[in-house]
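The values are calculated or read from the model by the stated rules, or taken from the named source; none is laboratory data. Note that the coordinates shown come from a computational prediction; the quantities given were computed from them, not determined experimentally. Glycine also receives a Cβ, built like all others from the backbone with ideal geometry; neighbour counts cover every protein chain displayed. To get the accessible areas, we keep the full protein, side chains included, count just its heavy atoms, and leave off ligands, DNA and RNA. Shrake-Rupley method; radii C 1.70, N 1.55, O 1.52, S 1.80 Å.
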Amino acid sequence: MNAVAKRENSVKSILKAFQIIEELDRFGELSIGQLSHALSMDKTTVHRLISTIKEAGYIVQNPYTRKYSNSIKLFTIGSSIIERTGLKEIARPYIEAVAKETKETINLSMHSGNNIVYVDKIESNSAIKVGIKTGTALPMYCTGMGKAILAFLPEDIQNEIMNNTSFQKRTEKTVASREALIDQLELVRKNGYAKDEEEYVYGLISFAAPIFDYRNNPVAALSISMPKLRYNEAENREYYVSLVKDTAELLSKELGKR
């Protein structure tokens with residue numbers, strides 16, 4: 001095999017390795033067989049690549065199920081990138097102000113592939129709360145912050161994300177199809193915010209708005225979340241919508257939005 005062919009094979013192997021990492025990010029624990037089927041790779045290739053990635057510390061194997069998942073090392077790298085962008089530092093005073101104002105849980109997330117990743121939050125002090133931990137990656141189609149970002153992404157990126165989305169019913173209210181999601185995203189663009197009413201977790205309601213960078217790209221989102229039993233549509237909706245939109249707009253200007 002000549003040098004050019006060897007280089008091409010190396011590049012292909014690297015791309016396949018990243019496909020495995022992305023698939024594990026999308027679905028969590030998967031077996032060699034499941035990865036082979038999902039990525040249309042033969043099991044020998046998957047096993048070889050998994051072994052290499054595992055040796056480097058980016059994949060771990062569950063000793064009970066024998067399935068594989070991404071390791072905390074990837075989150076550590078991602079956290080370092082987030083820290084360097086300065087978003088958390090810039091957003092923190094705004095998050096604290098909204099938390100103080102509402103006494104509810106305030107979340108900050110960033111766009112990552114087909115998902116959003118929770119990068120910061122302030123929990124409500126109430127004994128009754130519904131929260132998702134920092135570092136959690138969730139699909140965009142059934143979360144308020146995910147839809148707030150997805151609605152303003154370029155159409156080709158939207159299509160790519162939706163093409164790679166499995167519309168699983170997390171609750172009875174989860175958006176169940178691409179067509180239904182497109183309708184929701186149109187409303188998000190029109191109104192400037194997204195509402196998640198028990199689409200991902202029963203009992204959780206949130207209002208989210210996108211945060212744009214200096215290129216006017218939606219890179220993050222902010223949300224106000226609360227238990228459904230504490231939410232009053234007539235008293236709270238307009239107030240929460242205005243607050244989350246105004247705060248996200250201030251943050252966008254901090255990031256250089258024109």
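Report, by residue number, each residue of segment 38-55 that is in a helix (DSSP H, G or I), exposed (fewer than 15 other Cβ atoms within 10 Å of the Cβ) and among the polar types (S, T, N, Q).
Across segment 38-55, the qualifying residues are THR44, SER51, THR52.
Go through segment 165-212 and count every residue that is over 25 Å from GLU238 (Cα atoms), surrounded by 13 or more Cβ atoms within 10 Å (Cβ to Cβ) and of a type outside the set (Phe, Trp, Tyr).
5
Can you tell me which residues in segment 209-226 are at negative phi and out of contact with any strand residue (DSSP E or B) (no Cβ under 7 Å at 6 or more places or on another chain)?
Taking segment 209-226 first, the residues at negative phi are 209-215, 217-226.
Passing the criteria: TYR214, ARG215, ASN217.
Residue check: is LYS129 at pLDDT below 85, open to solvent by 50 Å² or more (accessible area, probe 1.4 Å) and either in contact with an Asp or Glu (Cβ under 7 Å, 6 or more places away or on another chain) or of a type outside the set (A, V, I, L, M, F, W, C) (or both)?
It is true that LYS129 is at pLDDT below 85, open to solvent by 50 Å² or more (accessible area, probe 1.4 Å) and either in contact with an Asp or Glu (Cβ under 7 Å, 6 or more places away or on another chain) or of a type outside the set (A, V, I, L, M, F, W, C) (or both).
Pairs please, first residue from segment 233-253 and touching a residue at least 60 places away in the same chain (Cβ under 8 Å), second anywhere and in a helix (DSSP H, G or I), Cβ atoms under 6 Å, 6+ apart in sequence or on different chains.
Between residues of segment 233-253 that are touching a residue at least 60 places away in the same chain (Cβ under 8 Å) and residues that are in a helix (DSSP H, G or I), the close pairs are THR247/TYR94; THR247/VAL98; LEU251/ALA91; LEU251/TYR94.
Would a scan of segment 22-35 turn up a residue that is modelled with pLDDT of 90 or more, in contact with a His (Cβ under 6 Å, 6 or more places away or on another chain) and over 30 Å from GLY256 (Cβ atoms)?
So far as segment 22-35 goes, yes, one or more of its residues are modelled with pLDDT of 90 or more, in contact with a His (Cβ under 6 Å, 6 or more places away or on another chain) and over 30 Å from GLY256 (Cβ atoms).
With the requirement that a residue be modelled with pLDDT under 85 and open to solvent by 60 Å² or more (accessible area, probe 1.4 Å), what does segment 132-163 give you?
Selection gives LYS133, THR134.
Which members of segment 56-72 meet the condition of being outside any strand (DSSP E or B) and in contact with a Leu (Cβ under 8 Å, 6 or more places away or on another chain)?
TYR58, LYS67, listed by residue number.
Could you go through segment 222-239 and let me know if any residue there is of a type in the set (Asp, Glu), open to solvent by 40 Å² or more (accessible area, probe 1.4 Å) and at pLDDT 90 or above.
yes
Taking segment 240-258, which residues are small (Gly, Ala, Ser) and open to solvent by 10 Å² or more (accessible area, probe 1.4 Å)?
SER242, GLY256, listed by residue number.
Could you give every pair whose Cβ atoms fall below 8 Å, whose first residue belongs to segment 103-117 and is without any contact (Cβ under 8 Å) to a residue 60 or more places away in the chain, and whose second residue is surrounded by 22 or more Cβ atoms within 10 Å (Cβ to Cβ), counting only separations of at least 6 or pairs across chains?
VAL117/SER109; VAL117/MET110
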